[in-house]
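**Q** Structure in structure tokens, see below.
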Amino acid sequence: MGENGSGIRTVIGATVGAGLALVGLPVFIGALGFTGAGIAAGSVAAKMMSAAAIANGGGVAAGSTVAVLQSIGAAGLSLGAKVGLGSAGAATGAWFSKG
């Protein structure tokens, strides 16, 4: 394929990686049960929330994993998080495409 083919594979890998990071992560978080309407009953998120509340004496601590995931599920990712995830996904996809 030559050097040009390698560059094309890298660009495609970066694009796919960025897309998976920006779309796949919110979908995965929603599938865990962190939704816009709150934590879904009987979900993995509900079990995580219960464990966090028991560990913290009845409440979920601000800034904890459960709190951050619920924030993403309810409001989506911030612009900074999208830029960071997109960059990381692109770099990962480009790296994998070279292998």
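**Q** When you look at Val23, is it at pLDDT below 90, open to solvent by 60 Å² or more (accessible area, probe 1.4 Å), out of contact with any helix residue (DSSP H, G or I) (no Cβ under 8 Å at 6 or more places or on another chain) and at negative phi, yes or no?
**A** yes
**Q** Let me ask something additional. Could you tell me whether Gly17 is open to solvent by less than 60 Å² (accessible area, probe 1.4 Å), within 19 Å of Leu85 (Cα to Cα) and small (Gly, Ala, Ser)?
**A** Considered against the rule, which asks whether it is open to solvent by less than 60 Å² (accessible area, probe 1.4 Å), within 19 Å of Leu85 (Cα to Cα) and small (Gly, Ala, Ser), Gly17 comes out as yes.
**Q** While we're here: Pairs only if they're at least six apart or on different chains, beta carbon under 7 angstrom, first in the range 9-32 and over 22 Å from Ala45 (Cβ atoms), second crowded, with 17+ Cβ neighbours inside 10 Å and not small (Gly, Ala, Ser); list them, first residue then second.
**A** Gly17/Thr92
**Q** Right, here's the next one. What are the residues in the range 26-43 that are part of a helix (DSSP H, G or I) and either open to solvent by less than 60 Å² (accessible area, probe 1.4 Å) or of a type in the set (Phe, Trp, Tyr) (or both), if any?
**A** Pro26, Phe28, Ile29, Gly30, Leu32
**Q** Sticking with this one: Would you check if Thr15 is polar (S, T, N, Q), modelled with pLDDT under 95 and closer than 25 Å to Thr92 by Cα?
**A** yes
**Q** With the condition kept exactly as written, say whether any residue in the range 77-99 is surrounded by fewer than 16 Cβ atoms within 10 Å (Cβ to Cβ), more than 30 Å from Ile12 (Cβ to Cβ), out of contact with any Phe, Trp or Tyr (no Cβ under 7 Å at 6 or more places or on another chain) and of a type in the set (D, E, K, R).
**A** Within the range 77-99, not a single residue is surrounded by fewer than 16 Cβ atoms within 10 Å (Cβ to Cβ), more than 30 Å from Ile12 (Cβ to Cβ), out of contact with any Phe, Trp or Tyr (no Cβ under 7 Å at 6 or more places or on another chain) and of a type in the set (D, E, K, R).
**Q** What number of residues within the range 73-98 satisfy the criterion of being outside any helix (DSSP H, G or I) and free of Cβ contacts under 8 Å to residues at least 24 places away in the same chain?
**A** Adding up the residues that qualify gives 1.
**Q** Could you list all residues from the range 44-71 that are in a loop (DSSP other than H, G, I, E, B) and buried (at least 16 other Cβ atoms within 10 Å of the Cβ)?
**A** Across the range 44-71, the qualifying residues are Val60, Ser64.
The values are calculated or read from the model by the stated rules, or taken from the named source; none is laboratory data. Note that the structure is predicted; figures quoted are calculated from it, not measured. Quick reminder, even Gly has a Cβ in these numbers, built from the backbone with ideal geometry, and neighbours come from all protein chains shown. Side chains included, ligands, DNA and RNA excluded: accessible areas come from the protein's heavy atoms. Shrake-Rupley method; radii C 1.70, N 1.55, O 1.52, S 1.80 Å.
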